[in-house]
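Here is the structure we will look at, set down as structure tokens.
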Amino acid sequence: VCVIKGKPITQEEQISFAKTFGPLDSKNGVLQKDIKRRVSEELVDISNMDENSEILNLDDRRRLFNLGNRLWHTDASFKRIAAKYSMLHAREVPPEAGETQVCDLRAAYDDLAKSTKDIIENLVAVHSIFTSRAQLGFENFSQEEQDLLPPIRRRIVRKHPGSGRKTLYLASHIGRIVGMPIPDGRLIIRDLIEHATQDKFVYTHSWDVGDTLIWDNRCTMHRAMPFDEARYRRDMCRATVMETN
Ligand code: OGA
Ligand code: MN
């Protein structure tokens, strides 16, 4: 995780800075039906605002979809090409709460019992964006939206290509483990996520305007914390560098 404190930048600056690290995951919207964009197609809108900068209604599909960010996840693990670096920039923040938490999945892996490491070494998980949303009871996706993002398989234990260190690769997008009854697979994932998100592995970022938080999706998970959404705007956009190698 890298934090750049209090340096406001424009959308264009955020995009060009991110592109120096590799190609971006643009055309990134999951929701296809009747969605008007507030920000560039090359950024992901993480705000609670509509295209006119008004706070989203309680039952707005965009808001309900974004609530999935409150579950521990890694970005775009459900896509054919997942995310490498996410760069989240704050333009407006609530006066309190609404933090972002990030956990270290290399330290979490190192801390597992040897017997657990042996069990999970070769396991392959199935990731889908519709799994994480279904966990909150949000299942209002069109056939077109579902067809665009079929399930993706990824190993649970991987080597980080930079350091060579072993790391877990987990997300609330995981719905099953290949070759296992669904409840057995889900229990393993639930136990691993519970283990990996203990306080000792977690950094909590309290936002100020102009902060940019950068995390490596290949060895972390993150989640958004709640705030008074009906009252305050939280204007954040994410640039996402794809895991192209
Ligand atoms: C994200 C995300 C968490 C937050 O930008 O990918 O999950 O705190 N954000 O908004
Ligand atoms: Mn995210």
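The values are calculated or read from the model by the stated rules, or taken from the named source; none is laboratory data. Nothing here was measured: the structure is a model prediction, and the numbers come from that model. A quick note on method: Cβ atoms are made from the backbone with ideal geometry, for glycine too, and the neighbour counts reach across all protein chains shown. The accessibility values were calculated without ligands, DNA or RNA, using every heavy atom of the protein model including side chains. Shrake-Rupley method; radii C 1.70, N 1.55, O 1.52, S 1.80 Å.
Values computed for the structure shown
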item: Backbone HN-Hα couplings from phi across the range 91-96 [Karplus 6.51/-1.76/1.60, Hz, Gly and Pro as x]; result: 9, 8, 10, x, x, 8
item: ³J(HN,Hα), Karplus 6.51/-1.76/1.60, whole Hz, each residue of the range 206-216, x for Gly, Pro; result: 8, 7, 10, 4, x, 6, 10, 10, 10, 10, 9
item: FRET efficiency estimate (nearest 0.05) - Cβ-Cβ, VAL124 to ASP208, R0 45 angstrom; result: 0.65
item: Per-selection Rg to Rh, the range 104-245 - Cα, Kirkwood hydrodynamic radius; result: 0.98
item: Dipole of the chain, positive end: most advanced residue of GLN32, VAL202, GLN14 [Cβ charges, Cα centre]; result: VAL202
item: Cut-off under 5 Å, modelled amide H: who pairs with ASP235 long-range; result: ARG91, GLU92, VAL93
item: Percent carbon-and-sulfur accessible area, the range 152-245, ignoring ligands, DNA and RNA, probe 1.4 Å; result: 49
item: Residue among THR116, THR220, THR204 with the largest mean-square fluctuation in a Gaussian network model of the chain, springs linking Cα atoms under 10 Å; result: THR116
item: Cα-based convex hull, the chain, per residue volume (Å³, whole number); result: 125
item: Filter on LYS36/LYS200; LYS19/LYS200; LYS84/LYS200 - keep pairs with C-alpha separation over 29 Å; result: LYS36/LYS200; LYS19/LYS200
item: Along the chain, longest interval not containing exposed GluC sites (Glu not before Pro), exposed being DSSP loop plus at most 12 other Cβ atoms within 10 Å; result: 140-245
item: Max mean-square fluctuation residue, GNM over the chain, Cα-Cα springs under 10 Å, options HIS160, HIS73, HIS173; result: HIS160
item: Semi-axes of the equivalent ellipsoid for the range 6-94, Cα gyration tensor, largest first, Å; result: 21, 17, 13
item: Rounded to 10°, Cα long-axis angle of helix 182-196 versus longest principal axis of the chain; result: 70
item: For the range 105-138 and the range 203-245, distance of Cα centres in Å; result: 21
item: The chain - mean residue ellipticity at 222 nm from DSSP helices (-39,500 (n - 2.57) per run, n ≥ 4, rounded to 500); result: -6000 deg cm²/dmol
item: At most 15 other Cβ within 10 Å, DSSP loop - chymotrypsin sites (Phe, Trp or Tyr not before Pro), the range 1-106; result: PHE21
item: DSSP loop trypsin sites (Lys or Arg not before Pro) with at most 12 other Cβ within 10 Å: longest gap in the chain; result: 81-230
